[in-house]
Structure formats: C-alpha cells, structure tokens
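A short worksheet on the structure shown next.
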Amino acid sequence: EVFQEYGTSECHHFNGTERVRFLEKYNYNRQLYAHFDSDLGYYVADSPVGESTVRYWNSQPEILDDARSAVDTYCRHNYEVSTPFLVRRQ
C-alpha cells in the first residue's frame, strides 16, 4: 500500500499587502485533516485523524509563533519580491 501525506501553503492578498491571509493545509491520503488559518491564529482539525496533532501543535508556542508570523515572513515578503516581475511595467 502507498500512503501519502503532504502540506500546502496559500497566501491570499487583499488590496496588495494591506490585508493578507495565510492558510496552511495538511492532507493524508487526499483527505484534509488539519489546517492553520492566520485569521484565527491557531490550528483546526478537519477530521478526527487531525485532532491529536492539532492539540499538540496548538500547545506549542514556538509552532504557533512560526505559523502566525508566516503572514509577514512568507506572504508579504514573497509578494514584495515577486510583484515587480509579475505586474506589467508601465
């Protein structure tokens, strides 16, 4: 048998970098089991499989701090670095 676990990260930009939302999703065998939403500021279990993992992640201040800071370190940073190459030059 083959088992697959993977995570994805998404940045949603509203009005440039004025409002940014960071989402981190975790899947196991194509089923979403947990996610982090920067609007909430903590991890959420999306299935019973993710409940113990989410409890652990939410109990670790370093893990939460890293996820919360991703709005600035990952989303805003990459937006500012990529924008000159993605937006047409006038």
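Here, each number is a calculation from the coordinates, and none is a lab measurement. This is a predicted model, so every value here is computed, not measured. FYI the Cβ positions are ideal-geometry reconstructions off the backbone, even for glycines, and counts take in every protein chain you see.
Summary of computed values
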| quantity | calculated |
| --- | --- |
| Relative contact order (percent, whole number), the chain, Cα cutoff 8 Å, 6+ residue spacing | 21 percent |
| DSSP-assigned coil residues among trypsin sites (Lys or Arg not before Pro) in segment 9-39, each with at most 14 further Cβ atoms within 10 Å | ARG30 |
| Max mean-square fluctuation residue, GNM over the chain, Cα-Cα springs under 10 Å, options ASP66, ASP46, ASP37 | ASP66 |
| Whole-Hz ³J(HN,Hα) from phi, Karplus 6.51 cos²θ - 1.76 cosθ + 1.60, for segment 26-31, glycine and proline x | 10, 10, 9, 6, 6, 10 |
| Amide H partners (placed H, <5 Å) of TYR42, local residues excluded | ASP37 |
| More than 19 angstrom apart: percent of Cα pairs within the chain | 47 percent |
| Selection from ASN27, VAL54, TYR79, by position along the positive dipole direction of the chain (Cβ) | TYR79 |
| Theoretical ellipticity at 222 nm over the chain - DSSP helices of four or more residues, -39500 (n - 2.57) apiece, nearest 500 | -9500 deg cm²/dmol |
